[in-house]
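A short worksheet on the structure shown next.
The values are calculated or read from the model by the stated rules, or taken from the named source; none is laboratory data. Values in this document were obtained by computation on a predicted structure and should not be read as measured data. Methodologically, a virtual Cβ is constructed for each residue, glycine included, from the backbone with ideal geometry; neighbour enumeration extends over all protein chains shown.
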Amino acid sequence: MKLYQSLCRVMLIVAILFSMKFVTIAQPRQSITVFTASSLTDAFIEMAQAFSARVDVEVIFNFAGSTTLAAQIEMGADVAVFASANEEQMQNIVAMGLIDADNVHIFAENQFVLIVPADNPAQIESLQDLAMTGTLIIMASESVPIRVYTDELLHILAESYGDDYFDRVMANVVSEEPNVRQVVARIVLGEADAALVYRTDITPDVSDSLRVIALPSDVMSPVARYPIAILADAPNSDDAALFVDFVLSDEGQSILQAWGFCLPDDEEDEDGKEAEILTATPEMTAEATADSDVEVAPCA
Amino acid sequence: MPKIARLLLLTLSLMAWLLLAVPIVALVWRLVASGNWQNLPQAEIIISATWLSLKTTFASVLLMIVFGTPLAYVLARWRFTGRRLVRVITELPIVLPPAIAGLALLLTFGRRGIFGTALSAVGLNIPFTALAVIIAQTFVASPFYIRAAQVGFADVSDELENAARVDGASEIRVFWHITLPLALRALSAGLVLAWARAMGEFGATILFAGSLQGRTQTMTLLVYDVFQRDLDTAIWTGLILVAVALITLMLSQWLAREDDL
């Protein structure tokens, strides 16, 4: 019994020490949590490095599909900044009053490309070939933003390729992945024949295993617009605001360009800051595309 | 036992139990509180996924019986060098993260996998089919059955078998009339557990078979797919799986307990 008592005492002490450990680990430096759409992964990791070099703030990321992130924010996740791959999810959060509509900025755009494995087993040369019977096509799940744009694009194409184009492409879909990076992985592994993804998903890591087929310029393909915003009750909101400013700054925008993102369109921006950034960028666009080892069509 | 120690013991064990119990209650509570329990939001996709889960797990269980039973028997009865290694490899999927299992299956049976060229030659493309779902489930769940069956076979006393042999029974008759009936309860308990594990399979399936409604989207994959846009459907499917888990666990415990008598 004596042994038991002392064992209990030891356990109690350990428990107390343990809980103190959590209390006394003070953050060595300030940090902000940024919920980031998966398609921004590489660009935002570089963004955070550049940002932390300027400001002594650590950026902690949660990368996931925008819909997942929005659901997590809705459930009360402790988050300072939300960078979404589509406007709908951002609007949902705004509608819930968790983000002030004035704080939402469009900071990037993304375009579609068609990808096939490097050896192109199904010999796909154009968007029309996606309707060939037996082609293994991968798409994102219906809850992923890119899927909405994909469906939109296929409906647009059906106008020129025939009414049954949409249904025939859909009949070739063999899997609906939970996020766009997994769609790319299927093609990289060569398990499927083709997929429509963002041009930014063709990162240097995977570009060797893929062939990228640019969309014909006369196709009015839908463009994904990326909004970023600071949460209304963001912890450490000053630093969070600094990060958003950095993403919108020339330096932030050139990082995004280097990873294949396009800059937001003039006409759509009411915000003075974004217009300012845009005026400073034409020469950068050329530079970024020239440097890139990724062969994708330049931003339209 | 001093009062303080009892209190500590009670508090810690209560916390542990609550951690296990509260999430299940939360699943039910959310549905009741939201008042959405009356209407099945997307009944047809739940039914489609449930039906697929039942069909594929049934096939997996059949495969386990046909191929797993002989393996369990060999591992329990035969003495050969490397038996320990064979046994460890057999049981590896029990502790292997399912996502790794899925990747391994893809690299084995995928188009670019070890058997990829051979399978393509006979026109077989396994990934993204129900067959891939079945293979994934069998890979992950069969060790539960094989392990239980192995113990069951080992527990049958060889005196009874030898008595039958002395009376002139052939090896096959000994197996069918002595060994199998005596080990049946252990085999069933293992099979029920393995089936439950196959129903809950997620990681290996999503990597190897992908996710497509009606073709490869089992119940767990459905939950993952819809929880972001349709929480009620996800919860409903989840509750069906909780019920399945409860029933199988009780069944397998009942089978195991009777075995002790």
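Restricting attention to the stretch A:133-170, the residues being part of a loop (DSSP other than H, G, I, E, B) and touching a residue at least 40 places away in the same chain (Cβ under 8 Å) number 4. Given the criteria more than 30 Å from residue A:212 (Cα to Cα), modelled with pLDDT of 85 or more and under 18 Å from the mean Cα position of the chain (by Cα), does residue A:81 qualify? The answer is yes for residue A:81.
Evaluation of residue B:168 against the conditions (1) part of a helix (DSSP H, G or I); (2) surrounded by fewer than 18 Cβ atoms within 10 Å (Cβ to Cβ); (3) modelled with pLDDT under 90 shows that the sole unmet condition is (1). None of A:298, A:235 is at pLDDT 60 or above, surrounded by fewer than 18 Cβ atoms within 10 Å (Cβ to Cβ) and outside the structural domain of residue A:103 (by TED's automatic domain parsing) except A:298.
Looking at A:213, A:187 in this structure, which one is under 28 Å from residue B:117 (Cα atoms), away from chain B (no Cβ under 14 Å), of a type outside the set (Ser, Thr, Tyr) and touching a strand residue (DSSP E or B) at 6+ places or on another chain (Cβ under 9 Å)? Unique residue meeting the criteria: A:213. With respect to the conditions (1) over 21 Å from residue B:60 (Cβ atoms); (2) not in a helix (DSSP H, G or I), residue B:232 falls short on a single one, namely (2). Residues in the stretch B:221-230 that are more than 8 Å from chain A (Cβ to nearest Cβ) and touching a residue at least 40 places away in the same chain (Cβ under 8 Å): B:221, B:222, B:230.
Comparison of B:147, B:185 shows that the only residue that is among the basic types (Lys, Arg) and closer than 13 Å to residue B:69 by Cα is B:147. Of all the criteria given as (1) out of contact with any Lys or Arg (no Cβ under 9 Å at 6 or more places or on another chain); (2) under 20 Å from residue B:140 (Cβ atoms); (3) within 14 Å of chain A (Cβ to nearest Cβ), the one not satisfied by residue B:187 is (3).
Rundown of residues vs (1) away from chain B (no Cβ under 14 Å); (2) assigned to a helix (DSSP H, G or I); (3) at pLDDT below 90, yes/no style:
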| site | (1), (2), (3) |
| --- | --- |
| A:10 | no, yes, yes |
| A:15 | no, yes, yes |
| A:23 | yes, yes, yes |
| A:58 | yes, no, no |
| A:93 | no, yes, no |
| A:114 | yes, no, no |
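Of all residues in the stretch A:105-125, exactly one satisfies the criterion of being in contact (Cβ under 8 Å) with a residue 60 or more places away in the chain and on the phi > 0 side of the Ramachandran plot, namely A:120. Among the residues of the stretch B:147-164, is there at least one that is part of a helix (DSSP H, G or I), touching a His at 6+ places or on another chain (Cβ under 9 Å) and at negative phi? Yes, the stretch B:147-164 has at least one match. Hey, can you tell me all the residues within the stretch A:171-183 that are assigned to a strand (DSSP E or B) and in contact with a Phe, Trp or Tyr (Cβ under 8 Å, 6 or more places away or on another chain)? Result: A:174, A:175.
All but one of (1) within 27 Å of residue A:42 (Cβ to Cβ); (2) within 12 Å of another protein chain (Cβ to nearest Cβ); (3) more than 16 Å from the chain's Cα centre (by Cα) hold for residue A:122; state the number of the condition that does not hold. Residue A:122 satisfies every listed condition except (1).
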